Amino acid sequence: MGTTTTGPPGTNASVTQSGTPQARTFNFTIPRGDQGVQGPTGPAGGTILGGAKLYYSGSQPIPNATFTRVNRTAQKYMVAGSVTLGTGMTAVLQTAGWWDVSAALSFAGNAGGRRIMVVEMWTGTDPGIGNATTLIRAEGAPGVSSFVALNGSTSEELAAGTNLRLLAYQNAVSSLDLSPNAPTELVVKRII
């Protein structure tokens, strides 16, 4: 066996030989196939129809045994006008549809106890912190005194005018700080 070469599309295959009758070498040329038919166009990629990312970069003290609204230092709109912002990590959805909602926060590791992250939702009159419907809840193992990172997400069909807010809760000591060493954020994205 000698070489194998790819020839242009539409040409004939060929074989040449060289060497002696006792030690022949065969070289092959095989044509390349024709260009295939164009396949169907795939579905369009996902489009974010609305949303915003709210985040906090500081170390916020959380009082003992009290649901507390997390502060906000900045935000980034994904689609302008689709979300309005209230105090702290609070967002009001301006359009109905399916929304991806995710949140994350972390507590410093200076005391043991219970640590909870909650995203609440309501429409109409605010029922007060800790009294609205829970959309996302994440809880750290009780008694852990090390750094605790909490996060959660959901996809829900939500009405225009739905309010969302990120809350923190702890019963470790008189006050326990959120840690600036991991993301503290609330992200809302309308996908349908």
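Since every read-out is calculated from the coordinates, none of them should be taken as a lab result. Remember, it's a predicted structure, so these values are computed and weren't measured experimentally. Here the Cβ is made from the backbone with ideal geometry for all residues, glycine too, and neighbour counts use every protein chain on show.
For Glu157 and Ile191, calculate 0.36 nm times their separation in residues minus their Cα-Cα distance, and state this gained length in nm to one decimal.
Working: separation 34, 0.36 × 34 = 12.24 nm, distance 0.99 nm.
That pair, Glu157 and Ile191, stretches by 11.2 nm at full extension.
I'd like to compare 153-162, 59-68, 105-114: which one has the highest average count of other Cβ atoms within 10 Å, and what's the full order after that?
105-114, 59-68, 153-162
Under the Karplus relation 6.51 cos²θ - 1.76 cosθ + 1.60, θ = phi - 60°, what is the ordered set of whole-Hz ³J(HN,Hα) values for segment 13-22, x standing for Gly and Pro?
6, 8, 9, 10, 10, 8, x, 9, x, 8
At what distance in nm do the modelled label points of Thr3 and Thr134 sit from each other, each positioned 7 Å from its Cα along Cα→Cβ?
Going from the Thr3 label point to the Thr134 one covers 7.3 nm.
Can you compute 3J(HN,Hα) from phi for each residue in segment 180-187, using the Karplus curve 6.51 cos²θ - 1.76 cosθ + 1.60 with θ = phi - 60°, rounded to whole Hz and x for Gly and Pro?
x, 8, 9, x, 10, 7, 10, 10
Just going by the charge dipole of the chain, with Lys and Arg at +1 and Asp and Glu at -1 on Cβ, which of Asn12, Ala159, Ser179 is farthest out on the positive end?
Asn12
Could you pull out which residues in segment 107-122 have an amide N less than 16 Å from a spot 7 Å beyond the Cα of Ser145, following the Cα-Cβ vector?
Residues 108-115 qualify, since their backbone N sits under 16 Å from the label point.
As a test of the definition: which semi-axes, in Å, follow for the chain when you take the square root of five times each eigenvalue of its alpha carbon gyration tensor? Largest first, please.
Working through the eigenvalues yields semi-axes of 62, 25, 12 Å.
Each residue of segment 136-151 in turn: what ³J(HN,Hα) in whole Hz from Karplus with 6.51, -1.76, 1.60 and θ = phi - 60°, glycine and Pro shown as x?
Couplings: 9, 9, 9, 9, x, 4, x, x, 6, 9, 8, 3, 10, 9, 10, 7 Hz.
Subtract the Cα-Cα distance of Thr66 and Gln35 from 0.36 nm times their separation in residues, and report this length gain in nm to one decimal. Write down the numbers at each step before the final one.
Numbers: separation 31, 0.36 × 31 = 11.16 nm, distance 6.78 nm.
Between Thr66 and Gln35, full extension yields 4.4 nm more.
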